[in-house]
Amino acid sequence: MLKSLFIALAQRGLQAFFVAVIVGVVSFAMMQALPGDAAFRIAAGRYGYDMMDAAAAEAVRLELGLNRPFLVQLRDWLWTLAQFDLGESFVYGGPVSQKIATQLGFSLLLAAGAVITSLLFALPIGIAAGLSPGGVIDRISLAVSILLRAIPAFALGIVLVLIFSVQLKLFPVAGFRGFSYLILPSLTLGLGLAAVSNRVVRDAVVEAMSTEWRLFARTKGLSANVTMRRHVLRNASLPVVTYVGVQMAYLVEGVVIVETVFAWPGIGHALVHAIFARDIAMVQGTALTLGLIYVVLNLVIDITCRGIDPRSQMT
Amino acid sequence: MAARLLSGAQLSLSLAVLSILTAGIPGTLLGILAAWFGGLTDRILTSFADAVLALPGLLLVLMLAAISPGSWWALYAGISLTLWVEYFRYTRQRARITLSEPAIEASRLLGLPWHLIVLRHLAPEIGPGLLTVAAFGAATAVTAVAALGFVSVGVRPPTAEWGVMMTELLPYWREAPFLILQPIICLVVTVLSLHLSVGGLRKP
Amino acid sequence: MIVIQVKALYVFAENNCLLGPISFEIQSGGVLIVMGETGAGKSLIIQAILGTLPEPLCAEGEIFVNGRRIDDLAHAERTNLWGREIACLPQEPWCALNPLMASWRQVAETYRYVANRASRAARSETEKRFLALGLNSAEPRLPGQLSGGMAQRVAFAAATAGQAPILLADEPTKGLDSDRQARVLNLFEHERSIGGALLTVTHDASVAKALDGDIIVLRQGQVVERGQTENVLVNPKADYTKSLLAADPAAWPKAPTVEHGEILLIAENIAVGRGSQILVDEFSLTLHAGERVAICGPSGIGKSTLLDTFAGSIKPIRGYIKRAEELELYSVQKLYQDPPTAFPKYISLGRNLRDVANLHRVPWERVLAYLDALSLHQNLLQRRADEVSGGELQRLSIARALTINPKVLLADEPTSRLDPITQKDTLDLIARISSTESIAVVLVTHSTEIAKKWTDNIVDLAN
Amino acid sequence: MYIYSRAVYFVIALFFSTIAIAEARKSVTIAAPWEVASYDPAVSGFAIQKLQIMENLVDADESGKLRPGLATSWRVSDDALTWTFELRDGVTFHDGTPFSADAAILALNRAWQQPGVLAKAPITGIVKVDNAVVFTLDKRFSALPAILAHATTIVPALSAFDAEGNPSALIGTGPFQVTEFTPPQSIELVRNDGYWGDAPLIEAASYLAAGRAETRALLAESGDADMVFTLDPSGFSRLADIDSVQTVAVPIPRVVTLKVNSGHPFFNAPRARQALSLAIDRDGIATAITRFPEAAAGQLFPPALNAWHDTSLPPLVHDMEAAKALLTDLGWAPGPDGILERDGERFSILLRTFPDRPELPLIAAVLQNSWREIGIELEISVANYSEIPAGHQDGTLHVALYARNYGLTPDPIGTVFQDFGVGGGDWGAMGWENAEVAQALGSIAATGDAKARTEDIAKVARVLHEELPLIPIVWYQHTVSIASGLKGVIIDPLQRSYNLSKVSWDE
């Protein structure tokens, strides 16, 4: 049992390692591939167009050692990464890790808000639809889901802001200064997640409802409610939880876009901004963090699934 | 306006179609390869795919977009590099199931060569699902291009692209709401029809 | 006292009559056996009594339980009878048990929620029951970790914990070897002795023999014959009943032994298994042309793995297999348990046979001749595997193998999915071909009964 | 249905807005596009200064006139090479530590060693003498006090640096102190009750960076932000129709200009550059793209720079025929496809610009069309703005379109000197030198004499107007929305301060 847990950990560990290598190499490639002179690019990001000039670029070149040979730069780059050192922000100075630490909390808050929102929608609707497949709820939720799934997060965000902030003035437009700021971004992301996950819940319930063990639980005398609680929901939760793992990818992507729309002080916004500013150390740091968070969250999902599914503990 | 919408459609769809080809062909082949040989080949390919998967699609596209801001090929390369994993995972999983069926062992015992096994067993098994993956992949590509355009890291104005147009037209939403609705509707309808063409939300 | 009474029961699928009319009654302590092939409509009776007929099907007729009419009750009232008045033993116990729940919990919850015991009492009742059924080691196990017989008993315990006076059992011995069959039948005897009424549905004549009571023989939804078991089984009137009884392995004539030819294959002290796990160790076998060998043993013991090793699909972990020189690459062929899985799903059977014939440069006429010899109609070739019956498909796979002149035929439970009559025909055919074509056949089966009737050369892996 | 939704709306609105209303009148929220991600004055100084968190030795009013800041007075030695700034006594930082010459020296030395305005001044040393800061120069430099009003020369407390000497906190002497900093999005401020000058009227303020123009417009419209800076043209006109906000457009000394490589054979004649200028429809651009028709740039220096804006200069005009004539004079003749040719060379050039200011690519597209009419083929490269100084350095640049701010410091001489002095500048003239201008700029930089300075400035403005090393296109307007009820708002054209300390709410 411990062995299988160890294997799961090792697999995720390997995944994390590959993530780090890919991000590290792509980041370094970005550094080299930036058209024109990297020093000019970075100086532009750092000082803005009013203050940036050739002299500033020279200062940056010296500071970051961009005048060293290519291979020396690559070696040093990977070596610092191997020491879990994300380096210093090219543009803002100061350790990247410190910047990410403050922003990560906000992103996790938003992600948690989104997942909770999505579950609030997906669970009741999915279960109701799954209990009467082909029924009214099922068909309406299918239509709405397909439509919602086709609306990209940012477009949904705009629509929600126009309705709830500008017209109804219920929630603030952007930024973060308290709970009410969390609602619209969470809703934007959460609706997108719920659009698919309510169908996953529904399918899982339909499948569990049509199994022989569900029927046997009924014919041996359990009431519909007890069967639902003890058998159907528990077994149906397995594919649902697994699917939440798949959704993490959508969530991380969504965070990048939604944070930008809502001026949310999180890591996705920082990534977009770093890309604008050619702050490659920040790009590397944020991309790495997002990738590793995805791995960690999936590890949590793995462990949760093991908790729900005793079979995995036996092999 | 109509011309810009059309040219946006052309951009998005040609990008989607191209990325289906460049992501789909290697992804499918690698998936079959991993399932066929199993063992070390499978493990290396799967680990690599897992790592790419852990970098949520948009991230890789964003990073490549950063190398060459506003350029078309960076978007294209990023999307292809991300999407192949879907094909790979799908093909590998289905091929593993199919290849473990007695029919394959029977075919081997009967001496049928590999290309007949691929042609008679794998292709009809994988084919229809592959279409679904491709349609979803194309929808992902179209959405990604628009999303990046919208946050101004994708295609740059004045190129006509739906996401870029949304950014351009958003300020006029109150004076002329139908303007901003046009690119949104185009995008939604495209994604919707891609999804519906392969049966709604049923992911393979 | 009549516990359950069924009057003029019909089951319709839209306008098609699938079953009926059928009427019967069972006394307290009585048994009714409904016997017939797969597809005869046996299970429909059970579903009609329970009220679980799937969607387009509907039942007509009257059903009484303890004198109370139940077929016109509302769904909720009907389901209230489940577990309390009528217990149902499912056909596939593995599928009927929740794969994620420990065995004892699935029994305890019946005590808890159906018999309304306190949870502690439910637990101790469960323990007692498991002990009585010889299941004490199975308590914490998941269904996936139970053997077929254990799963059957756990399902039995779960179904009967509500102490319903009526037990409906759908193919209760399917897939069980004779020892385990006997244990299940013992349980039924016990139920009867405490006043329960039993309705069981089976294709297996041995079950009917063991349970003495009333019997109804069913064919395509129609009652062919009915009466007391001793009368019907000993002295069947209808032809159909006769052939059904003749298909029972116990009633098979012994297949003639044939002389062995030259040595084809020698396995010496091989150990086989999947991965690094050894299933069968120190196994030796010498196979001659025209020889019939049966390998039997309970499921999971490594019969199929052994066969795969002979086929060359996996390598023995230890030891070696020596092939005779004249044994060509394609001289070893296999027959599969589930015939449809042995053919390509998406292309016609003809296409598949043509591929094989082209590859081995076999004239198409010869393929057709084999089909003829196995009484397979040519128009089957236009269909796909899922459009042909299992028996035909199994014969087709034999024909496919024969076209390339095999010397060894490995048959992995080739008839376990076939109904008894087809099963007998198919095994007869294999035996006949073995002797006429001088082909060595290794048959894997879980039924020692079949093995004994089919050959003298039996390897029982259980011992 | 309608009543129902109104009722729900009412209940929810009640729940979320009561607290907000109770607090609203004591604080002000500002939204602007600029993100603040660093504690370093070299990077984030512009925001720290605008929010009045830290202060400079020298302050300036809205007209650019210098006034005492943390320095009470300054004087220059007779040889004009030593400047002494006397520091204000009794000033404390937000954390209670006293403001001292040490803090000022540290801040100024950092600013001097980093790229920025101070690094470009002819400084040889910055030292402390008693409670004064003394600059030694190797050249006369009259703009030094103006430079000390620049955002990168603000003074943080010594405690605002960590052990390695990197900035790690926002501690200054200004009227507002930071309670919470969430980089890069927001800064929360409260009134500094121990401020040495006039204490602010409001108790608290917050700053929100919102990069997207439409988000800012929505913030203004929904009332989430009381002052919103830099609105896009359509947002601006929409907000103008809303009662709850007022809109203001203030001309600022930022100019959209076209940098022309005067060393390039196509452009080395002033007449060539004049032809380019004549073919630009400034009124059209100002009306259609930036939406302030009065902002068509008749000359380089905008009215906001009143000392440099010369009303006597004839405005640059739009005259396609004249442009064609000038090019014909220079020996250009239309080729078969209508593009001009001379000695077998096509008049085909590349314009570099960048997307960070969304109007630039649009203006570039207009230029492409206009110049096509006079036979010039223009290719547009929209890329990173560092391409422009890079192209200047390696000489590959043809023309570049960007926005130049001549109001970085209250006295634009530093910027103008850099752009048009000897050798030109990365963001100024390229391949163009004019002895008269260089000499005039040198003397403006060196002397403080008002009369000579005015004459020199007029000379520079006139030469630049005739020679057009940079072709101005439109002047910028600073667009702001202000919640009605907010009093005392002063919009600083030099963009040095939001003047939050002067605003208050109507009772």
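Among the residues here, C:Leu359 does not qualify as over 30 Å from C:Cys296 (Cα atoms), away from every other protein chain (no Cβ under 12 Å) and not charged (D, E, K, R).
Select from the stretch D:102-121 the residues that are within 14 Å of chain A (Cβ to nearest Cβ) and either open to solvent by less than 70 Å² (accessible area, probe 1.4 Å) or over 27 Å from D:Asp426 (Cβ atoms) (or both) and list them in ascending order. D:Arg110, D:Ala111, D:Trp112, D:Gln114, D:Pro115, D:Gly116, D:Val117, D:Leu118, D:Ala119, D:Ala121 - these are the residues of the stretch D:102-121 that are within 14 Å of chain A (Cβ to nearest Cβ) and either open to solvent by less than 70 Å² (accessible area, probe 1.4 Å) or over 27 Å from D:Asp426 (Cβ atoms) (or both).
From A:Leu215, A:Leu233, which residue is open to solvent by 10 Å² or more (accessible area, probe 1.4 Å), among the hydrophobic types (A, V, I, L, M, F, W, C) and either at the interface with chain C (Cβ under 9 Å from one of its Cβ atoms) or not in a helix (DSSP H, G or I) (or both)?
A:Leu215
When you scan the stretch D:325-335, do you find a residue that is under 21 Å from the mean Cα position of the chain (by Cα) and assigned by TED's automatic domain parsing to the domain that holds D:Ala269, even just one? Scanning the stretch D:325-335 turns up no residue that is under 21 Å from the mean Cα position of the chain (by Cα) and assigned by TED's automatic domain parsing to the domain that holds D:Ala269.
Of all residues in the stretch A:222-229, one or more are of a type outside the set (S, T, N, Q), in a helix (DSSP H, G or I), open to solvent by less than 20 Å² (accessible area, probe 1.4 Å) and out of contact with any Leu (no Cβ under 8 Å at 6 or more places or on another chain). Within the stretch C:120-132, residues that are outside the structural domain of C:Val154 (by TED's automatic domain parsing) have Cβ atoms under 7 Å from residues that are among the aliphatic types (A, V, I, L, M) and buried (at least 16 other Cβ atoms within 10 Å of the Cβ) in no pair, counting only partners at least 6 apart in sequence or on another chain. Here the helices (runs of 4 or more DSSP H) wholly within the stretch B:104-201 that include at least 1 residues being buried (at least 24 other Cβ atoms within 10 Å of the Cβ) are B:123-150, B:162-169, B:177-197. Residues that are assigned to a strand (DSSP E or B) and either among the charged types (D, E, K, R) or in contact (Cβ under 8 Å) with a residue 60 or more places away in the chain (or both) within the stretch C:294-353 comprise C:Ala294, C:Ile295, C:Cys296, C:Arg318, C:Lys322, C:Arg323, C:Val332, C:Gln333, C:Lys334, C:Leu335, listed in sequence order.
Within the stretch C:188-246, which helices (runs of 4 or more DSSP H) (wholly inside it) include 3 or more residues that are open to solvent by 50 Å² or more (accessible area, probe 1.4 Å)?
Helices (runs of 4 or more DSSP H) meeting the threshold: C:229-234.
For C:Pro140, the criteria (1) free of Cβ contacts under 8 Å to residues at least 40 places away in the same chain; (2) under 26 Å from the mean Cα position of the chain (by Cα); (3) not in a helix (DSSP H, G or I) hold in every case but one, which is (2). Each residue in the stretch C:110-137 was checked for being within 26 Å of the chain's Cα centre (by Cα) and among the acidic types (Asp, Glu), and 0 pass.
Residue by residue, here is whether (1) modelled with pLDDT of 90 or more; (2) outside any loop (DSSP other than H, G, I, E, B); (3) of a type in the set (Phe, Trp, Tyr) holds:
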residue: D:Ser44; (1), (2), (3): no, yes, no
residue: D:Ile48; (1), (2), (3): yes, yes, no
residue: D:Ser63; (1), (2), (3): no, no, no
residue: D:Glu86; (1), (2), (3): yes, yes, no
residue: D:Leu106; (1), (2), (3): yes, yes, no
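The number of residues in the stretch D:196-228 being within 18 Å of D:Lys50 (Cα to Cα) and open to solvent by 40 Å² or more (accessible area, probe 1.4 Å) comes to 6. Residues that are closer than 19 Å to D:Thr29 by Cβ and among the charged types (D, E, K, R) within the stretch D:211-242 comprise D:Arg212, D:Glu214, D:Arg216, D:Glu221, D:Asp224, D:Asp226, listed in sequence order.
Is the stretch D:363-378 home to any residue that is of a type in the set (A, V, I, L, M, F, W, C), within 14 Å of another protein chain (Cβ to nearest Cβ) and in contact with a Pro (Cβ under 7 Å, 6 or more places away or on another chain)? Yes, the stretch D:363-378 contains a residue that is of a type in the set (A, V, I, L, M, F, W, C), within 14 Å of another protein chain (Cβ to nearest Cβ) and in contact with a Pro (Cβ under 7 Å, 6 or more places away or on another chain). Name the residues in the stretch D:211-251 that are closer than 26 Å to D:Asn192 by Cα and not β-branched (Val, Ile, Thr), would you? Listed by number, the residues that qualify are D:Gly223, D:Asp224, D:Ala225, D:Asp226, D:Met227, D:Phe229.
Scanning the stretch D:313-351 for residues that are in a loop (DSSP other than H, G, I, E, B) and among the small types (Gly, Ala, Ser) turns up D:Gly331, D:Gly335, D:Gly338, D:Gly344.
For the stretch A:152-196, filtering for residues that are within 9 Å of chain B (Cβ to nearest Cβ) and either over 20 Å from A:Ile116 (Cα atoms) or in a helix (DSSP H, G or I) (or both) leaves 9. Looking only at the stretch D:391-414, residues that are in contact with an Asp or Glu (Cβ under 8 Å, 6 or more places away or on another chain) and open to solvent by 20 Å² or more (accessible area, probe 1.4 Å) come to 3 in all.
Would you check if D:Val422 is of a type in the set (A, V, I, L, M) and not in a helix (DSSP H, G or I)? Yes; evaluated as a whole, the condition is true for this residue.
Confirm whether D:Val133 is open to solvent by 10 Å² or more (accessible area, probe 1.4 Å) and outside the structural domain of D:Arg453 (by TED's automatic domain parsing).
In short, no.
Collect the residues in the stretch C:111-144 that are of a type outside the set (Val, Ile, Thr), within 20 Å of C:Ala96 (Cα to Cα) and crowded, with 17+ Cβ neighbours inside 10 Å, keeping them in residue-number order. Across the stretch C:111-144, the qualifying residues are C:Tyr111, C:Arg112, C:Tyr113, C:Arg129, C:Phe130, C:Leu133, C:Leu135, C:Ala138, C:Glu139, C:Arg141, C:Leu142, C:Pro143.
Just one residue in the set C:Arg153, C:Arg84 is among the charged types (D, E, K, R), in contact (Cβ under 8 Å) with a residue 12 or more places away in the chain and within 26 Å of C:Asp204 (Cβ to Cβ); that residue is C:Arg153. Tell me, which residue of the stretch A:197-208 that is more than 8 Å from every other protein chain (Cβ to nearest Cβ) and out of contact with any Phe, Trp or Tyr (no Cβ under 9 Å at 6 or more places or on another chain) is most open to solvent (accessible area, probe 1.4 Å)? Ranking the qualifying residues of the stretch A:197-208, first place goes to A:Glu207.
The values are calculated or read from the model by the stated rules, or taken from the named source; none is laboratory data. Everything numeric in this text was worked out from a predicted model, so none of it was measured. Neighbour counts run over all protein chains shown; Cβ positions are idealised from the backbone, glycine included. In case anyone asks, the SASA skips ligands and DNA or RNA and just uses the protein heavy atoms, side chains included. Shrake-Rupley method; radii C 1.70, N 1.55, O 1.52, S 1.80 Å.
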